[in-house]
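Worksheet: the structure to be examined is printed underneath.
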Amino acid sequence: MKICLIGVGNIGMRYVQGIAGKHPDAELFLVDSPARIKELEKLQCGNVKLFTSLDEINISIDLFVVATSCEPRLSIYKQCLDFNPQYIILEKYLFNRREEYEDCLSLTRVPTFVNQWMYGSKTFDCLFEVEATSVELSGSGWGLACNAVHWIDVFKRHMNITHLQVGADTTITKVFPSKRAGFEEIFGELVFVDRDSDKTFKLIDRQDASLVNMQKIKVDGKVYIFDYSKIMKDEVVLSHFPYFSSLIGDIVGEIMDKGSCYLPLLEDSISQHLLIEDILETQNQRPKVT
């Protein structure tokens with residue numbers, strides 16, 4: 001199994017650790033800037049080969065993973081397709097302009113998955129033992145713009161919503177600098193409704209000291225606490241939230257064995273990202289999200 005990983009920052013290293021741990025015989029080809037490659041040389045990452053450009057790779061690749069920021073992602077995706085791999089995984093947030101989504105959908109593609117992995121972690125199954133009609137997630141500083149697509153995927157699938165659209169009460173209350181230099185985040189309330197039923201969910205991010213490092217999830221009136229490591233109700237632990245690095249090895253194995261996995265396909269993910277684009281474009285200047 002030959003896997004090429006482009007972008008080996010924090011997220012990229014989780015891929016490396018998870019894949020190497022589960023598939024020690026896999027050949028990993030890591031691509032990043034010259035400065036980052038020098039750092040990786042010191043880390044002794046195992047069965048890896050290091051490159052500063054995709055142009056340096058001249059062998060067949062089974063799976064590409066693109067874990068860069070969103071700005072160069074479409075260009076890199078096109079380069080990956082030129083290798084005619086079996087599969088590709090892209091990180092979210094996918095792209096930084098609506099035109100790039102349209103361009104992407106026009107491409108002749110191999111099966112491509114987007115790393116919205118939280119649904120498949122099973123962490124949130126305990127909230128939906130009975131199908132829900134109304135869900136509200138609230139927190140403070142959790143990355144409403146860049147991470148909303150994770151929750152859209154979780155709630156849409158658990159609530160069995162087929163035709164999701166942005167609700168009229170959606171509002172952005174503040175745009176501010178992200179923790180990632182050069183990018184921006186938002187506070188606000190994003191409302192999503194099912195066109196075919198009365199099902200709805202809200203994603204709320206606001207300045208609130210009582211919600212730092214945790215989120216409240218209200219499911220049909222029942223309140224749960226998610227502290228990014230576990231789900232609790234009335235101080236009883238209902239489930240644990242795994243590290244992504246503990247899951248990605250199995251995800252890759254399933255893709256290579258079956259050609260499918262629980263990550264959404266690119267087409268489904270784009271439909272979810274475009275809901276966020278609809279919201280971001282209500283601003284005089286679209287926030288820079290990655």
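Going 7 Å from the Cα of Cys126 in the Cα-to-Cβ direction, what parts of segment 218-255 have a backbone nitrogen less than 16 Å from that spot?
218-219, 222-243
Report the extension gain between Ser33 and Asp227 in nm, rounded to one decimal, defined as 0.36 nm multiplied by the number of residues separating them, less their alpha carbon distance.
Working: separation 194, 0.36 × 194 = 69.84 nm, distance 3.44 nm.
Contour length minus Cα-Cα distance gives 66.4 nm.
Which order do you get for Met232, Met159 if you rank them by accessible area with a 1.4 Å probe, largest at the top?
On the way: Met232 40, Met159 0 Å².
Ranking Met232, Met159 by accessible area, largest first, yields Met232, Met159.
Give me the net charge for the shell around Phe113: Cβ to Cβ below 15 angstrom, other residues only, Lys and Arg +1, Asp and Glu -1. Provide the component values of the computation, followed by the final result.
Details: positive: Arg73, Lys92, Arg109, Arg157, Lys258; negative: Asp62, Glu91, Asp153, Asp250, Glu254, Asp257, Glu267, Asp268.
Cβ neighbours under 15 Å give a net charge of -3.
Which parts of segment 186-201 would a label at Ala168 reach, counting a residue when its backbone N lies under 18 Å from a point 7 Å out along Cα-to-Cβ?
Those under the cut-off are 189-201.
Rounded to the nearest 500, what is the chain's calculated 222 nm mean residue ellipticity when only DSSP H runs of at least 4 contribute -39500 (n - 2.57) each, over all residues? Spell out each step's value before the answer.
Details: 7 runs with 82 residues, N = 290.
Roughly -8500 deg cm²/dmol at 222 nm, from the helical runs in the chain.
Going by accessible area, probe 1.4 Å, with all protein chains left in place, what is the ranking of Phe155, Phe83, Phe187, largest first? Please report the intermediate quantities before stating the final value.
On the way: Phe155 0, Phe83 55, Phe187 20 Å².
Ranking Phe155, Phe83, Phe187 by accessible area, largest first, yields Phe83, Phe187, Phe155.
If exposed trypsin sites (Lys or Arg not before Pro) are those in a DSSP loop with at most 12 other Cβ within 10 Å, what is the longest stretch of the chain that has none?
Working: sites that count: Lys179, Arg195.
By the stated rule (loop sites, at most 12 other Cβ atoms within 10 Å), 1-178.
In nm, to one decimal, how far is the modelled label at Lys179 from the one at Asp25, with both set 7 Å along Cα→Cβ?
Going by the 7 Å Cα→Cβ label model, 3.9 nm.
Go ahead and run the numbers for FRET between Leu107 and Ser69, Cβ-Cβ distance against an R0 of 25 Å, rounding to 0.05.
Values: r = 20 Å, r/R0 = 0.81.
The pair Leu107/Ser69 has a calculated efficiency of 0.80.
The values are calculated or read from the model by the stated rules, or taken from the named source; none is laboratory data. Since the structure is predicted, the reported quantities are computational estimates derived from the model, not experimental observations. Glycine also receives a Cβ, built like all others from the backbone with ideal geometry; neighbour counts cover every protein chain displayed. Keep in mind that these areas ignore ligands, DNA and RNA; they rest on the heavy atoms of the full protein, side chains included. Shrake-Rupley method; radii C 1.70, N 1.55, O 1.52, S 1.80 Å.
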